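A.B. asks: I have a structure here, written as structure tokens, and I will follow up with some questions on it.
The values are calculated or read from the model by the stated rules, or taken from the named source; none is laboratory data. Just so you know, these numbers come straight off a predicted model, no measurement behind them. All Cβ positions, glycine included, derive from the backbone under ideal geometry; neighbour counts span all protein chains shown.
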Amino acid sequence: MARVIAIHNAKGGVGKTTTAVNLAAYLAIMGRRVLLVDFDPQANASSALGADPMKTERSVYHGIIGAAEPHHIVKTSALHNLHLFPAAPHLAGALVELVSVPQRESFLRKFIHRVRHQYHYILIDLPPSLSLLTVNGLVAADEVLIPVQAEYYSLEGIGQLLHTVKLIRDNLKHPITVLGALITMYDKRVKFSREVAWNLRKNFPYKVFDVEIPRSVALAEAPSFSKPVALYRPDSTGALAYQRLAHEILAGERAAVPAPAHASSNFGNFHAVA
């Protein structure tokens, strides 16, 4: 039975899709069967794995509304163990179509449940907004991984997401957990980047992954070649960082799940004394 992980931050441009694509690729390289669900109407994860959103006849949208079977939607990738449920711009229509439908928060969960037994990991790339699509993705997931760019406004996005997670637990009775925060676009030469990382590690109430994803030209270039960085530049610093992230997550399969924590009162305070 697959471990389902949503990848989300309410702020855009934090490396969310880059993380989804490259973590999925390395988990597949390490022998796990992986399904990447692109649940963002921008469909960047789909194009990063070689799908053309403008030519996609059947997407995850058709799956959640019952217009297509999973085997008619799933696409293969250049990696043997990595499959894709692609997105397309028409996914945005679900925001309007589902708004008055009963149990509208559970459509993606029900669809994924039909293939969950076929994979070790299912990763869901969510849009950078708090919408019905986002809620569907979080309700479909067991855990959420939060990419955090090493800058102040990305921390604000975390606060919004943690509030949403609490609402989903309390109001929808779905026991989603926080897998952890991942520091992205990190530059150790920049003082503020180091301060954000320090603040997050000191005050974030859940796990912060040991690896920090650096700014990397290879990570920025790989999507234009429709490849994960593991196939484009496996020797680059960005590729090696995502390889370490995959190792951390696999190691966590054997670790005990910590009890829920509460944020420090200093979370986001860059003037606190170390």
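A.B. asks: Can you work out which of the residues in segment 228-274 that are at pLDDT below 50 and among the aromatic types (Phe, Trp, Tyr) is nearest to residue 166 (Cα to Cα)?
C.D. replies: Once the filter is applied, the top-ranked residue is 267.
A.B. asks: Being among the aliphatic types (A, V, I, L, M) and either under 22 Å from residue 132 (Cβ atoms) or out of contact with any helix residue (DSSP H, G or I) (no Cβ under 6 Å at 6 or more places or on another chain) (or both) is the filter here; which residues of segment 2-22 pass it? Please lay out each step first, then the result.
C.D. replies: Step one: of segment 2-22, the residues among the aliphatic types (A, V, I, L, M) are 2, 4-7, 10, 14, 20-21.
Across segment 2-22, the qualifying residues are 4, 5, 6, 7, 10, 14, 20.
A.B. asks: Being within 30 Å of residue 198 (Cβ to Cβ), surrounded by fewer than 20 Cβ atoms within 10 Å (Cβ to Cβ) and not aliphatic (A, V, I, L, M) is the requirement here; does residue 143 meet it?
C.D. replies: Here the answer is yes, as residue 143 does meet what is asked.
A.B. asks: Would you mind finding the one in 27, 36 that is under 18 Å from residue 121 (Cβ atoms), in a helix (DSSP H, G or I) and either at pLDDT 95 or above or acidic (Asp, Glu) (or both)?
C.D. replies: Criteria check complete, one pass: 27.
Conditions tested, residue by residue: (1) at pLDDT 95 or above; (2) more than 24 Å from residue 237 (Cβ to Cβ); (3) buried (at least 22 other Cβ atoms within 10 Å of the Cβ); (4) of a type in the set (Gly, Ala, Ser).
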{"position": "110", "(1), (2), (3), (4)": "yes, yes, no, no"}
{"position": "120", "(1), (2), (3), (4)": "yes, yes, no, no"}
{"position": "132", "(1), (2), (3), (4)": "no, yes, no, no"}
{"position": "137", "(1), (2), (3), (4)": "yes, yes, yes, yes"}
{"position": "148", "(1), (2), (3), (4)": "no, no, yes, no"}
{"position": "151", "(1), (2), (3), (4)": "no, no, no, no"}
{"position": "159", "(1), (2), (3), (4)": "no, yes, no, yes"}
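A.B. asks: Scanning segment 71-84 for residues that are assigned to a loop (DSSP other than H, G, I, E, B) and not polar (S, T, N, Q), which turns out modelled with the lowest pLDDT?
C.D. replies: 80
A.B. asks: Scan segment 27-59 for residues that are in contact with a Lys or Arg (Cβ under 9 Å, 6 or more places away or on another chain) and among the hydroxyl-bearing types (Ser, Thr, Tyr) and jot them down.
C.D. replies: 46, 56
A.B. asks: Mind telling me which of the residues 87, 68, 45 ends up being buried (at least 22 other Cβ atoms within 10 Å of the Cβ), in a loop (DSSP other than H, G, I, E, B), in contact with a helix residue (DSSP H, G or I) (Cβ under 8 Å, 6 or more places away or on another chain) and at pLDDT 95 or above?
C.D. replies: On the way: 68 fails: buried (at least 22 other Cβ atoms within 10 Å of the Cβ); 45 fails: in a loop (DSSP other than H, G, I, E, B).
When all the criteria are applied, what remains is 87.
A.B. asks: Turning to a different aspect of this structure: Restricting attention to segment 90-108, does a residue exist that is surrounded by 15 or more Cβ atoms within 10 Å (Cβ to Cβ), in contact with a His (Cβ under 7 Å, 6 or more places away or on another chain) and outside any strand (DSSP E or B)?
C.D. replies: no
A.B. asks: Now a separate question. Taking the condition of being aliphatic (A, V, I, L, M), out of contact with any Phe, Trp or Tyr (no Cβ under 7 Å at 6 or more places or on another chain) and buried (at least 24 other Cβ atoms within 10 Å of the Cβ), how many residues in segment 11-35 meet it?
C.D. replies: Count: 6.
A.B. asks: Please go through (1) aliphatic (A, V, I, L, M); (2) in contact (Cβ under 8 Å) with a residue 12 or more places away in the chain; (3) more than 21 Å from residue 18 (Cα to Cα) for residue 167 and return the number of the only condition it doesn't satisfy.
C.D. replies: Exception for residue 167: condition (2).
A.B. asks: Then there is this: Out of all the residues in segment 214-234, is one or more outside any loop (DSSP other than H, G, I, E, B), within 13 Å of residue 181 (Cβ to Cβ), touching a strand residue (DSSP E or B) at 6+ places or on another chain (Cβ under 7 Å) and not basic (Lys, Arg)?
C.D. replies: Pass one, segment 214-234, residues outside any loop (DSSP other than H, G, I, E, B): 214, 217-225, 229-232.
Restricting the remaining residues to those that are within 13 Å of residue 181 (Cβ to Cβ) gives none.
Looking through segment 214-234, none of the residues is outside any loop (DSSP other than H, G, I, E, B), within 13 Å of residue 181 (Cβ to Cβ), touching a strand residue (DSSP E or B) at 6+ places or on another chain (Cβ under 7 Å) and not basic (Lys, Arg).
A.B. asks: Would segment 76-84 turn up any residue that is crowded, with 19+ Cβ neighbours inside 10 Å, among the β-branched types (Val, Ile, Thr) and without any contact (Cβ under 8 Å) to a residue 40 or more places away in the chain?
C.D. replies: no
A.B. asks: Still on this structure, please answer the following. Take segment 180-194 and flag every residue that is surrounded by 20 or more Cβ atoms within 10 Å (Cβ to Cβ) and either without any contact (Cβ under 8 Å) to a residue 24 or more places away in the chain or under 12 Å from residue 138 (Cβ atoms) (or both).
C.D. replies: Across segment 180-194, there are no qualifying residues.
A.B. asks: Could you pull out the residue among 63, 50 that is farther than 20 Å from residue 144 by Cα, in contact (Cβ under 8 Å) with a residue 40 or more places away in the chain and in a loop (DSSP other than H, G, I, E, B)?
C.D. replies: 50
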